[in-house]
1. If you take the beta carbon distance between E9 and S87 as r and set R0 to 25 Å, what does 1/(1 + (r/R0)^6) give as a FRET efficiency, to the nearest 0.05?
2. Of P45, W158, T122, whose Cα points farthest to the positive end of the dipole of the chain (charges on the beta-carbon: +1 Lys, Arg; -1 Asp, Glu; origin at the Cα centre)?
3. Could you work out the helix-only [θ] at 222 nm for the chain, with each DSSP H run of four or more residues adding -39,500 (n - 2.57) and the total divided by the number of residues, to the nearest 500 deg cm²/dmol?
4. Would you mind working out the magnitude of the charge dipole of segment 9-179 relative to its Cα centre, with +1 at each Lys and Arg C-beta and -1 at each Asp and Glu C-beta, to the nearest 20 Debye?
5. Collect residues whose amide H, placed 1.01 Å from N in the peptide plane, falls under 5 Å from the amide H of V82; neighbours closer than 5 in sequence don't count.
6. Could you compute the FRET efficiency for R47 and E106, with r as their C-beta to C-beta distance and R0 at 25 Å, rounded to 0.05?
7. I'd like the distance between the alpha-carbon centres of segment 122-186 and segment 71-105, rounded to an integer number of Å.
8. Give me the angle, in degrees from 0 to 90, between the Cα long axis of helix 59-74 and the longest principal axis of the Cα atoms of the chain, rounded to the nearest 10.
Amino acid sequence: MGVHQPLTEANRERIGRILAELGLPPAHPRLARLVAFNEAPGLAPLRCRFSGEEHRLTPGAAAAWSRLADSAAAAGVSLGLVSGFRSYDYQHSLVRRKLEAGLTLEEILQSVAPPGYSEHHTGEAADVGSTGCADLTASFAECPAFAWLAAHAERFGWTMSYPAGNRFGYVYEPWHWKWHPDPNPP
């Protein structure tokens, strides 16, 4: 897949049903800032280097992740996948659990993409962790792993999606990185 494909009609309808169930109307202003994604087919399994947990990415993203993690390891930096591909249903369950815990949709949408709008659906996004660093927190930016990623990830096609003050309105997520394949490979 790699390059963002137009949303299929079936996925558009499916996302609409899920959002309606959550009470998020299609005209919600938050959705206007976001891009809807198809769920990625043909995912490759990867094991987190320090937890052993299995995650999935597209084959291209998985290969790029392995090169990135190997290069980091050679430099003495441990990188592990905390999260890879997420289905619409999984994203729906994340939002539903937070609603059941008493958070409002507005609070949730500052840190969790609505189902259909998560880069994780593409199979090309990774939440990155490292030993000795708290997972999925802004403090990841203070870890050696983040400094290494900031200096080297782009060489492997990875960029941080949600820096401070990002245009999508999400909180700063130094752990969330997306693979962008070269549209003109050699």
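1. 0.85
2. After comparing all options, I get T122.
3. -9500 deg cm²/dmol
4. 180
5. Here D127, V128, G129 satisfy the definition.
6. Between R47 and E106 the formula returns 0.10.
7. 13
8. Here the helix axis deviates by roughly 40 degrees.
Throughout, read-outs are computed from the coordinates displayed, never taken from laboratory work. Note that the structure is predicted; figures quoted are calculated from it, not measured. Every residue, glycine as well, gets a Cβ built from its backbone with ideal geometry; the counts of neighbours run over all protein chains shown.
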